[in-house]
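Worksheet for the structure shown next.
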Amino acid sequence: MSTTTSTLPEGFILPDFGDAPRTTRTVQTGEATAVTTTTSYDGPRKMAFICSKGNLDMAYPALIMGNAALGEGVEVHLFFTFWGLDIVNKKTNDKLRFTMAGNTAMHLDDLGRVRPGLEHASVPQALGNLPGMTGMATRMLKRQMAEQDIPTVPEFLDLLQASGAHLYACRLSFDMAKMLEADLHPGVEGVISAGDFIEIAQGAQIVFV
Amino acid sequence: MPTNTLNGRSFAVDEEGFLTDRDQWSEELATELAALIGIELDEEHLAPLRFMREDSSRTGVTPTLRRMQTVGGFDVRALFGLYPGKPAKKMAWLAGLRKPVGCV
């Protein structure tokens, strides 16, 4: 069996399979010469957020942290997948809701006025399932966010876009939801696959929400 | 409290270098500070700084980029263009204010 050594022809474009070393560093260590190759990323700081939830309270963490990162000069990428796609869908992103159901950290500040200490008590889970409770909880959260001058989700996306964030919709979720490109927030750069996102996220600190 | 001296001008700063006494600020100082980070301070650059000083004199805190947009009417994209990288921090520093603490 013979092995053929092949060299890349001049100008040949090879896909990046990740196994070709990007930088080769030769380190002189005494008598021996050690060659260390590294494919690590050494560019500016990057952060990538994966937004997988479509509840109002789960939309905000990545938006707020992403915005903060942009303000720190960090390159920011946000990937919206599964229910998180609702955050960048113009038909849904102003209607995201917050539910008390399943949230044991739900407290009501006003109850402290009824009896001191009650503001720290967890609201009974059964209450969250009553008709109208999700609507009420959503209005309450929206009011509290507005009091802190936190933008609504669509406005937040505008702010992120203006600040230079890169937004992507997940191809699989997009196809599953039979979504239309016209419904995507204009800041979304593309509908990309998970693999595309992993490539884009090279060297980034990844935050999954 | 540390003190910075630039071109014969001294001013009190915190451990990160932000001015601690807003009254030690002047547009001349801002111009000299801007030169240190490679920014030539023209009217376009000065407008947001003036707003920040005026706004913080009322609220007591350094406005965030979001407030610059909603209250000051500045375009966030333009601010990133004028002060690349960390606009809120650069502008707070140049306006002689403390580092902004707001999350949004």
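Once the whole set of protein chains is in place, how much accessible area is left on A:Tyr168, using a 1.4 Å probe, in Å² to the nearest 10?
20 Å²
How shielded is B:95-102 by partner chains, expressed as the average number of their Cβ atoms within 10 Å of its Cβ atoms?
1
State the percent of C-alpha pairs, over all pairs in the stretch A:85-178, separated by a distance greater than 19 angstrom.
The proportion of pairs with Cα distances above 19 Å equals 57 percent.
Size of the dipole of the protein assembly as shown about the Cα centre, Lys and Arg at +1 and Asp and Glu at -1 on the beta carbon, nothing else charged, in debye to 20?
Computed charge dipole of the protein assembly as shown: roughly 1080 debye.
Tell me, what HN-Hα J-couplings in whole Hz come from the Karplus equation 6.51 cos²θ - 1.76 cosθ + 1.60 at θ = phi - 60° for each residue of the stretch A:74-87, using x for Gly and Pro?
Going residue by residue, I get 8, 6, 10, 10, 10, 10, 9, 9, 6, 5, x, 4, 4, 5 Hz, with x marking Gly and Pro.
Please compute, for peptide A:153-160, the average count of beta-carbon atoms on other protein chains lying within 10 Å of each residue's beta-carbon.
2
For a quick check, take a GNM of chain B with Cα springs below 10 Å and name the residue from B:Val71, B:Val13, B:Val61 with the largest mean-square fluctuation.
B:Val71
Holding the Cα-Cα limit at 31 Å, pick out from A:Lys91/B:Lys90; A:Lys46/A:Lys90; A:Lys91/B:Lys86; A:Lys95/B:Lys99 the pairs that are longer than that.
Violating the 31 Å Cα-Cα cut-off are A:Lys91/B:Lys90; A:Lys91/B:Lys86; A:Lys95/B:Lys99.
From the Cα gyration tensor of the protein assembly as shown, with a ≥ b ≥ c the square roots of its eigenvalues, which class applies: rounded if a/c is under 1.5, or else prolate if a/b is larger than b/c, or else oblate?
It comes out oblate by the Cα gyration axes.
Helix-derived [θ] at 222 nm for chain B: sum -39500 (n - 2.57) over DSSP H runs of at least 4, divide by residue count, nearest 500?
-13500 deg cm²/dmol
In the stretch B:3-94, how does Rg compare with the Kirkwood Rh, expressed as the Rg/Rh ratio over alpha carbon atoms?
Here Rg/Rh amounts to 0.94.
Over the Cα atoms, compute the radius of gyration (one decimal) and Dmax (the largest Cα-Cα distance, rounded to a whole number) for the stretch A:98-148, in Å.
11.2, 29
Considering only protein heavy atoms, what is the solvent-accessible area of B:Arg58 at a probe of 1.4 Å, reported in Å² to the nearest 10?
Surface open to solvent at B:Arg58 totals about 140 Å².
What do you reckon, how do B:His45, A:His120 stack up by accessible area (1.4 Å probe), largest on top?
Correct descending sequence by accessible area is A:His120, B:His45.
Top mean-square fluctuation among B:Asp21, B:Asp42, B:Asp75, Gaussian network model of chain B, C-alpha springs under 10 Å?
B:Asp42
Over the Cα atoms of the stretch A:157-209, each weighted equally, I'd like the Debye log10 I(q)/I(0) at q = 0.17, 0.21 Å⁻¹, rounded to two decimals.
Each listed q maps to, in turn, -0.60, -0.89.
The values are calculated or read from the model by the stated rules, or taken from the named source; none is laboratory data. In this text, all values refer to a predicted model and were calculated from it rather than measured experimentally. Heads up, the Cβs are rebuilt from the backbone with ideal geometry, glycines too, and the neighbour counts pull from every protein chain shown. Please note that ligands, DNA and RNA were not included when accessible areas were found on the heavy atoms of the full protein model with its side chains. Shrake-Rupley method; radii C 1.70, N 1.55, O 1.52, S 1.80 Å.
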